[in-house]
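Q: One structure, as structure tokens, below. Some questions next.
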Amino acid sequence: MASVLIAPHDRVFVLTGAGISAESGLPTFRAEDGLWAGYRVEDVCTPDAWRRNPAEVWAFYSARRKAGLKAEPNAAHIALAELEACLGDRFFLCTQNVDDLHERAGSVRLVHMHGELAKSRCERECGRAPIEDRTVYRNLAEVGRCACGGRLRPHIVFFGEVPLEMERIQDEIAQATLMVVVGTSGSVYPAASFVHWARQGGARTVYVGPEPPLNASAFTQVVVGKAGEMLPGLFQVE
Ligand code: APR
């Protein structure tokens, strides 16, 4: 059984991807039957798609909201929340996922670098904060407008847009002595670079997932298996 030792001086940075929510019934993106097999990124997840066809973009994210509402955190989300409870501010979680399963499992010190499914924001970037919005829209006419008149768009980082909270993420990686990456194919940047940044800072790097990611060679340890089976019991906190 694999194990990862966490010493009293360690600071842990965790990066998660779609794989951690797979056992909760949410499909990943790049599997043969994944989300990008059924949709074209250019039609539903780019600024241009939003300009051309906001109805199709909302149809895609409304379907994601519907699936997300039904999903429950799995043993992997819970294991990370328990690790945070043990380590306090020596733990930081960055997820690429837009579902809220980490917070529903109890994680607190986390950022959603690719946005959040349960929020919407003004398409005009008028400065108003994103609002809570779990509505499953049936058509574009149902989608509300911001006080400034702009249409509400999903609070999602489209391809070509800058991920959120990058300064905080870079700061946390710089302080980390252990990086744990779970369930991400290593194909989307900048997240796929985090392991290299951590290595440059001298951190140990561990990957957990059923198959090695594209950037596997940058990890000091690869734990092969499903997150829900491997994460519980993986960490030995000294
Ligand atoms: N446990 C752990 N990992 C798993 C599991 C599981 N049970 N099932 C699948 N995986 C792994 C796969 O082996 C794969 O490496 O999850 C990874 C999912 O990869 P992707 O589908 O590419 O998802 P992700 O890496 O999160 O995508 C990154 O791409 O489309 C965008 O914005 C979207 O945040 C997303 C980003």
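The values are calculated or read from the model by the stated rules, or taken from the named source; none is laboratory data. If you're wondering where the values come from, they're calculated on a predicted model, not measured in any experiment. A quick note on method: Cβ atoms are made from the backbone with ideal geometry, for glycine too, and the neighbour counts reach across all protein chains shown. When the accessible area is computed, the model is the full protein with side chains, heavy atoms only, and any ligands, DNA or RNA have been set aside. Shrake-Rupley method; radii C 1.70, N 1.55, O 1.52, S 1.80 Å.
Q: Within the range 5-19, identify whether any single residue is outside the structural domain of Glu142 (by TED's automatic domain parsing), open to solvent by 30 Å² or more (accessible area, probe 1.4 Å), more than 22 Å from Leu152 (Cβ to Cβ) and within 10 Å of the ligand (Cβ to nearest atom), and answer yes or no.
A: Checked against the condition, which is being outside the structural domain of Glu142 (by TED's automatic domain parsing), open to solvent by 30 Å² or more (accessible area, probe 1.4 Å), more than 22 Å from Leu152 (Cβ to Cβ) and within 10 Å of the ligand (Cβ to nearest atom), the range 5-19 yields no hits at all.
Q: Filter the range 21-41 down to the residues that are near the ligand (Cβ under 6 Å from one of its atoms) and part of a helix (DSSP H, G or I), then identify the one that is surrounded by the fewest Cβ atoms within 10 Å (Cβ to Cβ).
A: Glu23
One line per residue, one yes/no per condition, for (1) modelled with pLDDT under 95; (2) within 16 Å of the ligand (Cβ to nearest atom); (3) open to solvent by less than 50 Å² (accessible area, probe 1.4 Å):
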{"position": "Phe92", "(1), (2), (3)": "no, no, yes"}
{"position": "Gly115", "(1), (2), (3)": "no, yes, yes"}
{"position": "Ser120", "(1), (2), (3)": "no, no, yes"}
{"position": "Ile131", "(1), (2), (3)": "no, no, no"}
{"position": "Thr135", "(1), (2), (3)": "no, no, no"}
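Q: Right, something else. Looking at the range 142-152 only, could you name the residues that are open to solvent by 10 Å² or more (accessible area, probe 1.4 Å) and either within 16 Å of the ligand (Cβ to nearest atom) or in contact with a Cys (Cβ under 6 Å, 6 or more places away or on another chain) (or both)? I'd like the intermediate steps shown before the answer.
A: Here is the first cut: in the range 142-152, the residues open to solvent by 10 Å² or more (accessible area, probe 1.4 Å) are 142-149, 151-152.
Within the range 142-152, Cys146, Cys148 meet the criteria.
Q: Under 6 Å between Cβ atoms, which residue pairs at least 6 apart in sequence (or on different chains) link something in the range 218-229 that is under 15 Å from Thr184 (Cβ atoms) and in contact (Cβ under 8 Å) with a residue 60 or more places away in the chain with a partner that is of a type in the set (A, V, I, L, M, F, W, C) and open to solvent by 10 Å² or more (accessible area, probe 1.4 Å)?
A: Partner pairs satisfying both residue conditions: Val223/Ala2; Val223/Met230.
Q: Considering each of Glu103, Glu123 in turn, give the residue that is among the acidic types (Asp, Glu) and within 13 Å of the chain's Cα centre (by Cα).
A: Details: Glu123 fails: within 13 Å of the chain's Cα centre (by Cα).
Answer to the selection: Glu103.
Q: Looking at the structure I just gave you, is Ala76 under 23 Å from Gly186 (Cα atoms), part of a helix (DSSP H, G or I) and modelled with pLDDT under 90?
A: no
Q: Can you tell me which of (1) open to solvent by 30 Å² or more (accessible area, probe 1.4 Å); (2) under 25 Å from Phe235 (Cβ atoms); (3) away from the ligand (no atom under 11 Å from the Cβ) is the one Ala71 doesn't meet?
A: Going through the list (1) open to solvent by 30 Å² or more (accessible area, probe 1.4 Å); (2) under 25 Å from Phe235 (Cβ atoms); (3) away from the ligand (no atom under 11 Å from the Cβ), Ala71 breaks only (1).
Q: From Gly201, Gly183, Gly209, which residue is surrounded by fewer than 17 Cβ atoms within 10 Å (Cβ to Cβ) and of a type outside the set (A, V, I, L, M, F, W, C)? Don't jump to the end; show me each part of the working.
A: Working: Gly183 fails: surrounded by fewer than 17 Cβ atoms within 10 Å (Cβ to Cβ); Gly209 fails: surrounded by fewer than 17 Cβ atoms within 10 Å (Cβ to Cβ).
Sole residue among the options that is surrounded by fewer than 17 Cβ atoms within 10 Å (Cβ to Cβ) and of a type outside the set (A, V, I, L, M, F, W, C): Gly201.
Q: Pairs under 6 Å by beta carbon, first residue farther than 13 Å from Arg145 by Cα and among the aliphatic types (A, V, I, L, M) in the range 118-130, partner modelled with pLDDT of 95 or more and part of a loop (DSSP other than H, G, I, E, B), six or more apart or different chains?
A: Ala118/Asp100; Ala118/Arg134
Q: Still on this structure: Can you tell me which of (1) open to solvent by less than 30 Å² (accessible area, probe 1.4 Å); (2) in contact (Cβ under 8 Å) with a residue 12 or more places away in the chain is the one Ser193 doesn't meet?
A: Only one criterion in (1) open to solvent by less than 30 Å² (accessible area, probe 1.4 Å); (2) in contact (Cβ under 8 Å) with a residue 12 or more places away in the chain is unmet by Ser193, namely (2).
Q: Working only within the range 183-213, note down all residues that are near the ligand (Cβ under 6 Å from one of its atoms) and among the aliphatic types (A, V, I, L, M).
A: Val188, the sole residue that qualifies.
Q: Right, next: Which residues, counting only those in the range 51-65, are touching an Asp or Glu at 6+ places or on another chain (Cβ under 7 Å) and open to solvent by less than 50 Å² (accessible area, probe 1.4 Å)?
A: Correct list: empty.
Q: Now for a different question. Only one of Ala31, Ala105, Ala71 is among the aliphatic types (A, V, I, L, M) and modelled with pLDDT under 95. Can you tell me which?
A: That would be Ala31, the only listed residue that is among the aliphatic types (A, V, I, L, M) and modelled with pLDDT under 95.
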